[in-house]
Structure formats: C-alpha cells, structure tokens
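The values are calculated or read from the model by the stated rules, or taken from the named source; none is laboratory data. Because the structure is a prediction, the values reported are computed rather than measured. Please note that ligands, DNA and RNA were not included when accessible areas were found on the heavy atoms of the full protein model with its side chains. Shrake-Rupley method; radii C 1.70, N 1.55, O 1.52, S 1.80 Å.
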Amino acid sequence: MLIEVVDCTVAFGARRVLDGLNAAFKGPGVAAVMGPSGSGKTTLLGVIAGAVRATSGGVFVDGSPGHAVGWEWIVQSAALLNRRTALDNVVLGPAARGLPQPVAAQGAEAALVTLGIDRLADQRVYKLSGGERQRVAVARALAAGTDLILADEPTASLDPESRELVCRGLVWAAAQGSLVVVATHDPYVAQAASVAYRLEGGQLSDAAA
C-alpha cells in the first residue's frame with residue numbers, strides 16, 4: 001500500500017495545523033510521525049482515514065484519489081467490553097471484517113501471543129491493568145489483519161514492558177503485510193519504526209535530518 005498526502009492544508013480558524021504538507025507512506029512497514037503536542041499528528045492520521053477534511057490538497061491511495069478505507073485505529077485507552085474476556089475483545093477485530101470464526105479466532109490468538117497476553121485470554125477485561133488493557137486494544141487491531149493501521153500515541157503512559165510489547169506488535173503487523181502509521185512522542189517507538197518523520201510548523205520532514 002502507498003498513501004500519498006499531497007499539498008495538504010488543514011486550518012482551524014486562522015491556524016494552519018497542516019500547511020501544504022506532502023508525505024508518502026509505503027507499506028508494509030512502520031512509519032513514525034513525531035512532533036510536539038498540537039503539531040497536527042492526530043490531524044494527519046485523520047486526513048489519511050477521511051475523518052478530517054483537508055482545507056486544500058488531498059490523499060491518494062495506490063495512485064487513486066480518496067482516503068484510505070478498511071483501516072484499524074489504535075488510540076489511548078481504547079474502549080473495551082469490560083465484562084468480556086480478553087480473547088472475546090480481540091476476536092471482535094477480525095470478526096468485524098467478516099472473517100470466518102475459525103480464522104478470526106486464529107488471528108486473535110496469534111495477536112495475544114505477540115502482545116504477551118495470551119495467558120490472559122480467558123481473563124475478564126475489568127480485572128486487567130491499564131497496560132494489559134492497552135495491549136488487548138492493540139491486539140484487537142492487529143488481529144483484524146488490515147492493510148493499514150493508524151496508531152495515535154499507542155504507548156502513552158505504559159510501563160516499559162508494555163511499551164516494548166506494543167512496539168513488537170506494530171512491527172509484527174508490518175511483517176504480516178500492514179502499513180502502520182504511528183503518531184507518537186515516544187523516541188522508543190521511532191527507533192522501532194522502519195522510518196521516522198517529524199511534524200512541526202505544518203510540515204513533515206525526515207526525523208534524522
């Protein structure tokens with residue numbers, strides 16, 4: 001998958017959050033978008049997903065105009081079904097895509113293993129710690145097996161072990177063929193990514209430059 005953001009401007013009143021931004025994200029792989037709070041990282045993800053309308057410019061997916069479809073979005077403190085088990089919650093990802101139950105269950109189990117929470121498969125979510133709950137949410141997105149995963153600060157407020165496992169999960173998703181675009185403050189995530197960019201002043205640049 002190739003996502004190109006071309007001459008994209010997003011303005012909220014007089015403030016241009018994105019200002020003629022150009023970017024290309026090619027999968028499979030993990031692309032990290034770094035930047036200070038308020039720099040527009042979440043807005044950029046929204047433009048790619050079609051959740052935020054650009055003031056000007058646009059998005060091309062594999063050469064065709066239009067926002068990406070069939071994506072999974074990982075956020076901080078994602079909503080989970082507290083009275084259901086971790087496995088039940090993760091199965092919802094592939095099941096929502098219409099995958100057959102055996103395939104959905106297999107994908108869910110693999111994602112739980114990758115995130116280091118397979119031992120918690122039968123545990124009800126309300127009994128899990130914050131870091132474990134976040135890993136369940138990430139596992140749900142990974143299990144869906146979509147071509148595109150958009151992750152907004154997926155490691156925020158996590159302990160080092162959970163952060164490492166979430167990063168491992170994102171890299172695993174890329175190895176399965178997904179393009180993962182991550183908005184993050186976390187240098188650890190950027191180091192795990194295939195490529196890292198910096199978003200500041202409405203423009204995107206190579207983080208290594």
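When the accessible area of the range 1-120 is computed with all protein chains present and a 1.4 Å probe, what percentage of it is carbon and sulfur?
On the way: 3170 of 5860 Å².
Result for the range 1-120: 54 percent of the exposed heavy-atom area is carbon or sulfur.
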Return the calculated 222 nm mean residue ellipticity for the chain, to the nearest 500 deg cm²/dmol, obtained by summing -39500 (n - 2.57) across DSSP H runs with n ≥ 4 and dividing by the residue count. -10500 deg cm²/dmol
Count the DSSP beta bridges whose two residues both fall in the chain, then state the antiparallel fraction as a percent rounded to the nearest 5. 55 percent
Going by amide H atoms built from the backbone, whose H comes under 5 Å of the H on V33, apart from near neighbours? V182, A183, T184, Y197
Rg/Rh for the chain to two decimals, with Rh computed the Kirkwood way over all alpha-carbon pairs. 0.98
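Return an integer: the convex hull volume of the alpha-carbon atoms of the range 88-209, in Å³ per residue. Please list the in-between numbers first.
Working: hull volume 13.4 nm³, N = 122.
For the range 88-209, the hull spanned by Cα atoms encloses 110 Å³ per residue.
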Starting from the coordinates of the alpha-carbon atoms of the range 1-82, obtain the Kirkwood hydrodynamic radius over all distinct pairs and give the value in Å to one decimal. 13.6 Å
Provide, in order from the shortest bin, the percent of all Cα-Cα pairs of the range 91-136 in each 10 Å bin, continuing until the bin that contains the maximum pair distance. 28, 52, 20, 0
Could you work out the relative contact order of the range 1-86, using alpha carbon pairs under 8 angstrom and six or more residues apart, expressed as a whole percent? 33 percent
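Given the convex hull of the Cα atoms of the range 65-110, what is a quarter of its surface area in nm²?
Details: hull surface 17.7 nm².
The Cα convex hull of the range 65-110, projected and averaged over all directions, gives 4.4 nm².
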Got a sec to turn the phi values of the range 186-193 into Karplus ³J(HN,Hα) couplings, 6.51 cos²θ - 1.76 cosθ + 1.60 with θ = phi - 60°, whole Hz, x for Gly and Pro? 8, x, 4, 5, 4, 5, 7, 6
So what's the angle, to the nearest 10 degrees on a 0 to 90 scale, between helix 160-175 and the longest Cα principal axis of the chain? 70 degrees
Between helix 130-143 and the chain: long-axis angle, C-alpha atoms, 0 to 90°, nearest 10: 80 degrees
